[in-house]
Structure formats: C-alpha cells, structure tokens
Amino acid sequence: EAFINNVQSMHEEKKEEMIKEMEMLDKFRYEYIIHFYGAVILPGKECMVTEFAPFGSLQDLIKKRDNKPKLLLRIKLCLDASKGIEYLHSNGILHRDIKPDNILLISLEEGVNVNAKLTDFGSSRNVNMIMTNLSMTKGVGSPKYMAPEVLMRQHYKKPADIFSFAI
C-alpha cells in the first residue's frame, strides 16, 4: 500500500509505464530473462531491482573491441538472447526494443548454461492487443534496430522483434 501511494505521486504516464514493466517482469520466470526482484521508489527517483549482470550488456562488450570473445561464445550469447525472445513470443509478448543494450551478460565463461539474458520490458506488449488495440503501430524502440514496418508506423507483429535481433 505504501508502494502504491509513492507511485501515485509520480507523473501519471511514467507511473503507468513503470507499473506495466514491473507487472511484465514479475510474470517472467525463465532462465534467459533477467530476474525481477522488486522496486524502490524515493522522492524523484524510481529504481527497479533486478538480477545483477556482472559483465554489463552486449553493447558494453561490443564497445570493448580489444578483448573480443571467441566465436563459440559469441554464438552462445546470440542463442541465449534468441531463447529469451522465443520465450516471450511463445507467451504472446512482443519485446519491441531488442538491441545489444537490452541483452545482459551473466557470464563470459564457456560451457555454462546461461551467458546472456533479455532485459528492459518497458516497451513490451501482449500480442493479443493487436486484435483489440491499434497502438501496435506506434514506433517504439531504437530506430537503429527497428524493422521497416515499425519505422513506417505500420501494423507489426513478432517478425519485427526478429528483425531487430538480426540487426
């Protein structure tokens, strides 16, 4: 109840986005999705508490061009991310912002079960909304990774996530 009272003091749109993301994250219990523990809300500052990714994001790794991981590990990172996307899609969820910043690195060791996990579900939506809500034409995500249909604000579905992943 105290949490809800604090959330009510936030800007209404930001509050709704944060609540949607928390609800989305709280539903996911899968090894290739970052684990959500809760939220901390202080005056002027809202923080989500998630599983720690000791190696940062895939974007961080890409920036460190001097110490590029071996090909097999790079393939494994992609496979882990694809398993996270497949899980979302099999549960009727579009991520809508697949990019290297939203793939967190849990391990860079070879031979472990999980090296990478998806994160940042602020843009995610249920695919069933497509049938009842035309908001799925809204251009969300990062333009550099957006599918053409998203950029052109056309109706889009799961293949838009796959396009972003491929980029």
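The values are calculated or read from the model by the stated rules, or taken from the named source; none is laboratory data. Everything quoted here is computed from the prediction, not taken from an experiment. Don't worry about glycine lacking a Cβ; one is built from the backbone with ideal geometry, like all the others, and counts go over all protein chains shown. Keep in mind that these areas ignore ligands, DNA and RNA; they rest on the heavy atoms of the full protein, side chains included. Shrake-Rupley method; radii C 1.70, N 1.55, O 1.52, S 1.80 Å.
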Exercise. So which residues in the range 141-167 are surrounded by 13 or more Cβ atoms within 10 Å (Cβ to Cβ) and of a type in the set (Gly, Ala, Ser), if there are any at all?
Worked result: 141, 142, 147, 160, 164
For this session: Go through the range 50-67 and count every residue that is open to solvent by less than 20 Å² (accessible area, probe 1.4 Å) and assigned to a helix (DSSP H, G or I).
Result: 0
Exercise. Does the range 32-49 include one or more residues that are open to solvent by 80 Å² or more (accessible area, probe 1.4 Å), of a type outside the set (Gly, Ala, Ser) and at pLDDT 90 or above?
Worked result: no
For this session: Examine the range 50-67 for a residue that is within 18 Å of residue 27 (Cβ to Cβ) and at pLDDT below 95, and state whether such a residue exists.
Result: yes
Problem set entry | Any pair with Cβ under 9 angstrom, 6 or more apart, that starts in the range 107-122 at a residue that is at pLDDT below 95 and ends at one that is part of a loop (DSSP other than H, G, I, E, B) and of a type in the set (Asp, Glu) | 119/51; 120/97; 121/97; 122/97
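Name the single residue, out of those in the range 135-154 being among the charged types (D, E, K, R) and outside any loop (DSSP other than H, G, I, E, B), that is modelled with the highest pLDDT. I'd like the intermediate steps shown before the answer.
Going residue by residue through the range 135-154, those that are among the charged types (D, E, K, R) are 138, 144, 149, 153.
Checking the rest, the ones that are also outside any loop (DSSP other than H, G, I, E, B) come to 144, 149.
Values: 144: 91, 149: 88.
This residue is 144.
Could you grab me the full set of residues in the range 79-98 that are basic (Lys, Arg) and open to solvent by less than 40 Å² (accessible area, probe 1.4 Å)?
Answer for the range 79-98, where residues must be basic (Lys, Arg) and open to solvent by less than 40 Å² (accessible area, probe 1.4 Å): just 96.
I'm trying to understand the selection: among the residues of the range 12-31, which are open to solvent by less than 50 Å² (accessible area, probe 1.4 Å) and aliphatic (A, V, I, L, M)?
Of the range 12-31, the ones open to solvent by less than 50 Å² (accessible area, probe 1.4 Å) are 15, 18, 21-22, 24-25, 28.
Within the range 12-31, 18, 22, 24, 25 qualify.
Determine if the range 68-76 includes at least one residue that is open to solvent by less than 40 Å² (accessible area, probe 1.4 Å) and not hydroxyl-bearing (Ser, Thr, Tyr).
Within the range 68-76, the first condition is being open to solvent by less than 40 Å² (accessible area, probe 1.4 Å), and the residues that meet it are 69, 73.
Those still in the list that are not hydroxyl-bearing (Ser, Thr, Tyr) too: 69, 73.
Among the residues of the range 68-76, at least one is open to solvent by less than 40 Å² (accessible area, probe 1.4 Å) and not hydroxyl-bearing (Ser, Thr, Tyr), which makes the answer yes.
I want to confirm something. Restricting to the range 80-105 and keeping residues that are small (Gly, Ala, Ser) and in a helix (DSSP H, G or I), which single residue is farthest from the chain's Cα centre (by Cα)?
First pass over the range 80-105, keeping only residues small (Gly, Ala, Ser): 81-82, 84, 90, 92.
When the remaining residues are screened for being in a helix (DSSP H, G or I), the result is 81-82, 84, 90.
Working: 81: 10, 82: 12, 84: 9, 90: 15 Å.
For the range 80-105, the residue satisfying everything is 90.
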